[in-house]
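The values are calculated or read from the model by the stated rules, or taken from the named source; none is laboratory data. Owing to the predicted nature of the structure, the values given are computational and were not obtained by experimental measurement. FYI the Cβ positions are ideal-geometry reconstructions off the backbone, even for glycines, and counts take in every protein chain you see. Remember, those area values only see protein heavy atoms, side chains included, never the ligands or the DNA or RNA. Shrake-Rupley method; radii C 1.70, N 1.55, O 1.52, S 1.80 Å.
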Amino acid sequence: MSMAQPAGPAVGRPPASGPEKTDGRTVRRPLALRLLARPEVGVFLGAVAVLVFFLIVAPSVRQGSSMATILYQSSTIGIMALPVALLMIGGEFDLSAGVAVITSALTASMLSYQLTMNVWVGVIVALVVSLGVGAFNGWMVMKTGLPSFLVTLGTFLILQGVNLAVTKLVTGNVATDDISDMDGFDQARKVFASSFDVGGVQVKITVVWWLVFAALATWVLLRTKYGNWIFAVGGSQDSARAVGVPVKFTKITLFMLVGFGAWFVGMHQLFSFNTVQSGEGVGQELIYIAAAVIGGCLLTGGYGSAIGPVFGAFMFGMVNQGIVYAGWNPDWFKAFLGVMLLGAVLINLWVQRTATRR
């Protein structure tokens, strides 16, 4: 009589296979969707389309000198669009950025000329003033809790009035005096406004600075703790503070970065033209913000990149000069600007929904 033995596990027999269960968090989306979810991909494709369009309709764009001019126009916008984009990722705006450029140039010019100092003294004082304006904006936003839109609108009006009033008071005119024969001018011009030859084409030094600043901003955003802080305070200020992010420090320094950008572009304008018109700069802040938005930065903060605004600024330069090279009425530039901005907002909305879809 035999005893029935309990069945043991089958040795070497694989378990019964069935459909693998996954949830929405483990599903890998197609590569195309993952690429399109990147904030800079959409504007890159748009920039390529605009470039191809003007290469076809404006043959003179194909010349090296024309492309150098387009890159120069793009760089003067792009240098400021980078810190403006970082500030927007951090959840804030700066409407004083355009007139702050002129404020820095006026400070350096009048201080150097009226006090007969080396122009580098004026350059350094202008840097301190620009950083101070940025720090004031950031401090006011954090201290009062008011929207940065209102705070920087007030700063915009203050600087606009001061630029005109002080220039007239000091120089008796709406423009500063020519400083091209002053000590240190040639050295400063080499740093901020010189050109160099590439294959027989003169390229402005601002193009190099633009790309250097873009690379540095990208590294900061993607590889540093400060970059994480920027995304955190833009996504949710209260949540960021709860996990130990220094919100006040981060936002004030972001406004100061905008001040630094305003100083640099202001120095370029001063040493390019030797004099500064005190009424300029109004409206440029919208160009900088639009370049950042077209570059993939959301108006709500917490999302964006530093590469996107590079392509956004290039689109501005391409359209601005391309219309001229095509022989069209330059008044169409504003229409193109509106179309690009509206299209970018719609694309950014779609990208945001794609990125958050599970």
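Against the condition at pLDDT 90 or above, touching a Leu at 6+ places or on another chain (Cβ under 6 Å), outside any helix (DSSP H, G or I) and open to solvent by less than 50 Å² (accessible area, probe 1.4 Å), how does residue 95 come out, does it pass? The answer is yes for residue 95.
Name every residue in the range 140-152 that is crowded, with 16+ Cβ neighbours inside 10 Å and hydrophobic (A, V, I, L, M, F, W, C), in order of residue number. Step through it out loud before you land on a result.
Filtering the range 140-152 for residues crowded, with 16+ Cβ neighbours inside 10 Å gives 140-142, 148, 151-152.
Answer for the range 140-152, where residues must be crowded, with 16+ Cβ neighbours inside 10 Å and hydrophobic (A, V, I, L, M, F, W, C): 140, 141, 142, 151.
Checked against (1) more than 21 Å from the chain's Cα centre (by Cα); (2) crowded, with 20+ Cβ neighbours inside 10 Å, residue 116 passes all but a single condition, namely (2). Contact map, the range 150-172: residues that are over 19 Å from residue 139 (Cβ atoms) and in contact (Cβ under 8 Å) with a residue 60 or more places away in the chain paired with residues that are open to solvent by 70 Å² or more (accessible area, probe 1.4 Å) and in a helix (DSSP H, G or I), Cβ distance under 7 Å, separation 6+ or inter-chain. Pairs shown: 170/114.
Scanning the range 312-325 finds no residues that are among the aliphatic types (A, V, I, L, M), open to solvent by 50 Å² or more (accessible area, probe 1.4 Å) and either more than 25 Å from residue 43 (Cα to Cα) or modelled with pLDDT under 80 (or both).
From 251, 204, grab the single residue that is closer than 30 Å to residue 63 by Cβ and either out of contact with any His (no Cβ under 9 Å at 6 or more places or on another chain) or modelled with pLDDT of 90 or more (or both).
Answer to the check: 204.
Looking at the range 283-291, can you tell me whether even one residue there is surrounded by 24 or more Cβ atoms within 10 Å (Cβ to Cβ), in contact with a helix residue (DSSP H, G or I) (Cβ under 7 Å, 6 or more places away or on another chain) and charged (D, E, K, R)? Taking every residue of the range 283-291 in turn, at least one turns out to be surrounded by 24 or more Cβ atoms within 10 Å (Cβ to Cβ), in contact with a helix residue (DSSP H, G or I) (Cβ under 7 Å, 6 or more places away or on another chain) and charged (D, E, K, R).
Looking across 105, 85, 47, one residue alone is assigned to a helix (DSSP H, G or I), in contact with a Pro (Cβ under 6 Å, 6 or more places away or on another chain) and open to solvent by less than 10 Å² (accessible area, probe 1.4 Å). It is 85. If only residues of the range 327-358 that are outside any helix (DSSP H, G or I) and modelled with pLDDT under 70 are counted, the one that is most open to solvent (accessible area, probe 1.4 Å) is 358. Checked against the criterion of being free of Cβ contacts under 8 Å to residues at least 40 places away in the same chain, outside any helix (DSSP H, G or I) and open to solvent by 10 Å² or more (accessible area, probe 1.4 Å), the range 119-126 contains not a single residue that satisfies it.
Of everything in the range 295-304, what is surrounded by 24 or more Cβ atoms within 10 Å (Cβ to Cβ) and out of contact with any Phe, Trp or Tyr (no Cβ under 8 Å at 6 or more places or on another chain)? Give them in sequence order. Full working, then the answer.
Residues of the range 295-304 surrounded by 24 or more Cβ atoms within 10 Å (Cβ to Cβ): 295-297, 304.
304, the sole residue that qualifies.
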